[in-house]
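Written below as structure tokens is the structure these notes are about.
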Amino acid sequence: MLKRLLAAALACAASFAAHAEEVDPADWDQVLQQAQGQTVYFNAWGGAENINAYIEWAAGELKKRYKVTLKHVKLDDTAHAVATVVAEKAAGRDQGGSVDLVWINGENFAAMKERGLLFSPGWAENLPNWRYVDYENKPTITTDFTIPVEGLASPWGMAQLVFFYDSARMEAAKLPRNADELLAWAEANPGRFSYPQPPDFTGSSFLKQVLLEKADRSVLERPVDEEIFAEATKPLSDYLDALHKVAWRSGRAFPQNYPAMKQLLADGELDIIFAFNPAEASSAIANGELPDTVRSFTFPGGTLANTHFVAIPYNANAKAGALVTANFLISPEAQVRKEDPAYWGDPTVLSMDKLEPDARAAFASIDLGVATLKPEELAPALGEPHPSWMERIEDEWKRRYTAEN
């Protein structure tokens, strides 16, 4: 998808010209002054009502505190924002760009970094609220899908793969503890497990989880080598061939996305599902989407984890406003609200040890919900493969498992 959008952007680029004021992230007083009155076009996924509401809250705070107007440009795929910046660069629009801030990680971050589309290395580390960030203990804050971040993006939230089940129908003692045990459980309980169809992000994450458990991780840390791709991914293909025989609808159909999979658990069609947010089950219970008997579990050996970021394109029109926005998003106040399942439930990027006592107390007072694992109960974090693996694995999945192929 990303490659196709980039090619289209380059092909249809037109001529633009604009002016943008130079910004020095290290001079924060000047940044605050320049930001007043600016409109920041924040390109971010718009597929969840709670996340959209959170961004709307942030927009209100930015307007009130800093006279910055935040406009949420709702995306269904971050690659569209990347393609826009590619087109503008090809057209010579090196100032006054239409994307001021973008929610990003993985292959999209790698593509923008590789093409020189990101603003000022190190800007994130100059943000006043960077002093609270737990970059020492959370390596995915400084290395995104094996790619060094180098301060080109500011961390916004943490994510880790967590599984859910309905305790009214399953016993905790019988839960699988790794991918192989999940397959064995699926074979003993045919039709009760599935995953969203790639390239849905949640579905692709499941493929990477299996691959990390069953393949040579050192190979996955490097860019895809076509000469060894088939050999490296054979354990994944063998696993999926076996799983699909006993999966929901015998692997002939898959849930479209995570919300569809969640509905199947609520309807009693599936017994085990998963999400990339440890608080997702509690949030769904609070919203009446899942029964209050749903609980979370994880694989003791580790599950896929990453950090998501906000980045500023090199040609952003409102760089100062984007810097102020990024700084607010990692403020203790904004991070407390984001971690609260009542609003979002997204784990914080901040270190509790670096916070003032009142901020630590605010985090401690959050009701994470009945189904949310405590931090000490989460599995070790498994780092993402190099971003080139995702698109290649998705292409191979489509070739092997979709009807048109």
Completion exercise
At R0 = 41 Å the Cβ-Cβ FRET efficiency linking Ser218 and Gln33, nearest 0.05, sits at 0.25
Handout entry: Approximate spin-label separation Thr293-Lys74, in nm, with each point projected 7 Å along Cα-to-Cβ
Key = 3.5
Handout entry: Alpha-carbon Rg/Rh ratio, for region 147-229, with Rh computed the Kirkwood way
Key = 1.05
Exercise for the section: Quote the FRET efficiency, to the nearest 0.05, computed for Asn50 versus Asp267 with a Förster distance R0 of 25 Å and r equal to the Cβ-Cβ distance. Expected result: 0.70
Practice task
At q = 0.18, 0.19 Å⁻¹, what is the base-10 log of I(q)/I(0) for region 334-401 according to the Debye formula with one equal point scatterer per Cα and no solvent? Please give it to two decimals.
Solution key: -0.80, -0.84
Problem - Total charge dipole magnitude, the chain, about the Cα centre, Cβ charges on Lys, Arg, Asp, Glu only, Debye to nearest 20 - result: 620
Problem - Convex hull per residue volume in Å³, alpha carbons only, for the chain - result: 134
Practice task
Taking 7 Å along the Cα-to-C-beta vector as the label spot, tell me the Arg399-Arg115 distance in nanometres, rounded to one decimal.
Solution key: 2.5
Problem - For region 84-173, projected area of the alpha-carbon convex hull averaged over all directions, nm² - result: 9.3
Problem - Difference of contour (0.36 nm per residue) and Cα-Cα distance, Arg65 to Asn137 - result: 22.8 nm
Fill in the blank from the handout: Final fewest-first order of Leu118, Leu264 on the 10 Å Cβ neighbour count is Leu264, Leu118
Fill in the blank from the handout: For Val224, other-chain or 5+-apart residues with amide H closer than 5 Å (H placed, Pro excluded) are Ser388, Trp389
Handout entry: Candidates Lys374, Lys262, Lys138: whichever shows maximal mean-square fluctuation once the chain is modelled as a Gaussian network with Cα springs under 10 Å
Key = Lys374
Handout entry: 3J(HN,Hα) from dihedral phi, region 93-102, Karplus parametrisation 6.51/-1.76/1.60, rounded to Hz, x for glycine, proline
Key = 8, 8, 9, x, x, 8, 10, 9, 8, 9
Exercise for the section: Would you pull out the residues with amide H under 5 Å of Asp77's amide H, same chain only if 5 or more places away, H placed 1.01 Å from N? Expected result: none
Handout entry: Val40 long-range amide H proximity, modeled H, under 5 Å
Key = Thr69, Leu70, Lys71
Handout entry: Sequence-distant lysines (8 or more away, or on other chains) whose Cα lies within less than 26 Å of Lys208
Key = Lys3, Lys113, Lys138, Lys174, Lys234, Lys245, Lys262, Lys374, Lys398
Fill in the blank from the handout: Burial-style ranking of 307-320, 183-196, 356-369, average other-beta-carbon count within 10 Å with highest first, yields 307-320, 183-196, 356-369
Exercise for the section: Within 10 Å of each residue's Cβ, count the other Cβ atoms and sort Leu240, Leu75 from fewest upward. Expected result: Leu75, Leu240
Handout entry: Spin-label model distance (nm) - Gln256 vs Glu333, 7 Å beyond Cα toward Cβ
Key = 3.9
Fill in the blank from the handout: Scalar couplings 3J(HN,Hα) for region 117-126 by Karplus 6.51 cos²θ - 1.76 cosθ + 1.60 (θ = phi - 60°), nearest whole Hz, x for Gly and Pro, are 9, 10, 6, 5, x, x, 4, 4, 6, 8
Practice task
Considering the options Ile285, Pro341, Leu304, tell which one lies farthest towards the positive end of the dipole of region 270-347, charges being +1 on Lys and Arg and -1 on Asp and Glu at the Cβ, about the Cα centre.
Solution key: Leu304
Problem - From phi via Karplus (6.51, -1.76, 1.60), per-residue ³J(HN,Hα) for region 186-196 in Hz, x at Gly/Pro - result: 5, 5, 7, 9, x, x, 9, 9, 7, 8, x
Completion exercise
Stretched fully, the stretch from Asp358 through Ser167 gains (0.36 nm per residue minus C-alpha distance, one decimal, in nm) 65.1 nm
Handout entry: Kirkwood hydrodynamic radius of region 128-285, from inverse mean 1/r over distinct Cα pairs, in Å
Key = 17.5
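Each reported figure results from applying straightforward, stated rules to the coordinates on display, with no laboratory input. Bear in mind that the values here come from a model prediction, so they are computed numbers and not experimental data. Neighbour counts run over all protein chains shown; Cβ positions are idealised from the backbone, glycine included.
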